[in-house]
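The values are calculated or read from the model by the stated rules, or taken from the named source; none is laboratory data. These numbers come from a predicted model, not from an experiment. All Cβ positions, glycine included, derive from the backbone under ideal geometry; neighbour counts span all protein chains shown. The accessibility values were calculated without ligands, DNA or RNA, using every heavy atom of the protein model including side chains. Shrake-Rupley method; radii C 1.70, N 1.55, O 1.52, S 1.80 Å.
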Amino acid sequence: MALHRLGPGRAERTASFAVLALLAALAVWLGFAQTRFSPAVLVATSPPPPPAAAAGAAGRAFETAAFLDALAGATPAWPVESYDPETLSDRIDGKAELYLAANFKEMSVRAFSLSSGARLDVSIYAQASPRDAYAVLSGQRRPGATPSDLSPDAYATPNALYFTKGRYYVELSADRADAAIRDALAAVARELAARLPEEQPAADAAGAAPDPKTLFPEAGQDAASLRLAASDAMGMAGFSNVYTADYAMPHGAATAFLAARDAPDAAAADAKAFAAFLIQNGYAREDAAGLPEGAVLLAAPGSFEIVWTRGGLLAGVHDAVSREAALELAAKLAARLKERMP
């Protein structure tokens, strides 16, 4: 007897219809979803918004912001951002301490478009004094920088220019480097320097020491090495406002240092504290002929230090590679101080 194929029963037909309906609904949903981006895709493919000014600084009037309107050959690309001591780390996380240690007050930054199409970021930092501004400038000096004729302390790299005027420290940085960019940076910097106010020189106190920057011997000095440590100089906590300069001496490398203090007693106290710090770190006092008057020599394997005072000025030699180099540089520095501070 022949067998007849039976059609699907009611239950099977119902199940089939349900599956077909589910597949149809899934197809419709997939088609709709493909017309939309997920939030993650939208974030990834959208251009970043301009960074907002720090929330903690909202509502405050910043003097540095007033200098950052249109500049020669530069058109503002974003609004000015401004930061105070509480919010500076939002802008330069990891480096804020350099500015804060040098009595940072505020800063403003703005992005500009140059006529060449390059982007230029201009930052103006207001410190408490010209000395503080120099501490930041010298502490930020880039390897391979060259002097700029904008000011005595200004220097440039292929795509940036840095200078101070009074208590202001200024950075200009472009997103590319060529001869046209260097010329544009110089033009913008000159206009910006003209906008910044002149610092009124303080009246010199009777018998005040000259600016320590002018007291270093020039022969053998690496001019690009002159720096001012606003705090914790040479690794000693609380040792502040110390100028250093590196030298190539006939018997090896050495560093000279100078620090002006308010009175001879203050300079003597700092000299004693620095010598004690060195002894705590493994140095020992040694005798030597030819030391400057009142100086002490401290030595550790491969490193020699000399420290003395002249009036309210603390002077010395740091980390000389040989006893001879330390004594040579100490003699040069002492002679320079005697010449300038008879």
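Over all distinct alpha-carbon pairs, what is the Kirkwood Rh of the range 234-288 in angstrom?
Working: mean 1/r = 0.0771 Å⁻¹.
Every distinct Cα pair counted, the radius reaches 13.0 Å.
The figure for Arg110 is an accessible area of roughly 50 square angstrom, using a 1.4 Å probe on the protein chains alone.
For the range 283-300, 3J(HN,Hα) computed residue by residue from phi via the Karplus equation (6.51, -1.76, 1.60; θ = phi - 60°) reads 7, 10, 5, 9, 8, 7, 7, x, 6, x, 4, x, 7, 10, 10, 10, 10, 9 Hz, glycine and proline entered as x. Computed over the range 271-342, the alpha-carbon pair-distance distribution with 10 angstrom bins reads 21, 56, 21, 2, each value a whole percent. Computed from phi, the 3J(HN,Hα) profile of the range 234-241 under the Karplus parametrisation 6.51, -1.76, 1.60 (θ = phi - 60°) reads 6, x, 9, 4, x, 7, 10, 6 Hz, with x in place of Gly and Pro. In straight-distance terms, cross-link reach from Lys95 covers every one of the lysines whose alpha-carbon lies under 23 Å from its own, apart from those fewer than eight places away in the same chain; here that gives Lys105, Lys165. Only the Cβ atoms of Lys and Arg (+1) and of Asp and Glu (-1) were treated as charged; on that basis the dipole of the range 213-288 about its Cα centre amounts to roughly 100 debye.
Kindly rank 327-338, 93-104 from highest to lowest mean number of other beta carbons found within 10 Å of each residue. Intermediate results must be reported in sequence, preceding the final value.
Numbers: 327-338: 20.7, 93-104: 16.7.
Highest-to-lowest ranking by the protection proxy: 327-338, 93-104.
Let me test this: with uniform point scatterers at the alpha carbons of the range 163-262, what is the Debye-based log₁₀ I(q)/I(0) at q = 0.11, 0.17, 0.20, 0.22 1/Å? Results for the range 163-262 at q = 0.11, 0.17, 0.20, 0.22 Å⁻¹ read -0.55, -1.04, -1.11, -1.14. When nucleic acids and ligands are ignored and a 1.4 Å probe is applied, Asp149 ends up with an accessible area of around 150 Å². If I ignore ligands, DNA and RNA and count only protein heavy atoms, how much of Ile279 is accessible to a 1.4 Å probe, in Å² to the nearest 10? It works out to around 80 Å².
Spatial offset of the range 115-183 relative to the range 289-339 amounts to 34 Å, using the alpha carbon center of each. Applied to the range 181-195, the Karplus parametrisation 6.51 cos²θ - 1.76 cosθ + 1.60 on θ = phi - 60° returns per-residue 3J(HN,Hα) values of 5, 4, 5, 5, 4, 4, 5, 5, 4, 4, 5, 5, 4, 5, 6 Hz, with x for Gly and Pro.
Before I look further, what does the range 208-249 give for accessible area per residue, probe 1.4 Å, in whole square angstrom? Don't skip to the end; give the middle numbers.
Numbers: 1740 Å² over 42 residues.
The answer is 41 Å² per residue.
When a 1.4 Å probe is rolled over the protein heavy atoms, the share of accessible surface on the range 177-335 that falls to carbon and sulfur comes to 53 percent.
Eigenvalues of the alpha-carbon gyration tensor of the range 138-199, scaled by 5 and square-rooted, set the equivalent ellipsoid semi-axes at 19, 14, 9 angstrom, largest first.
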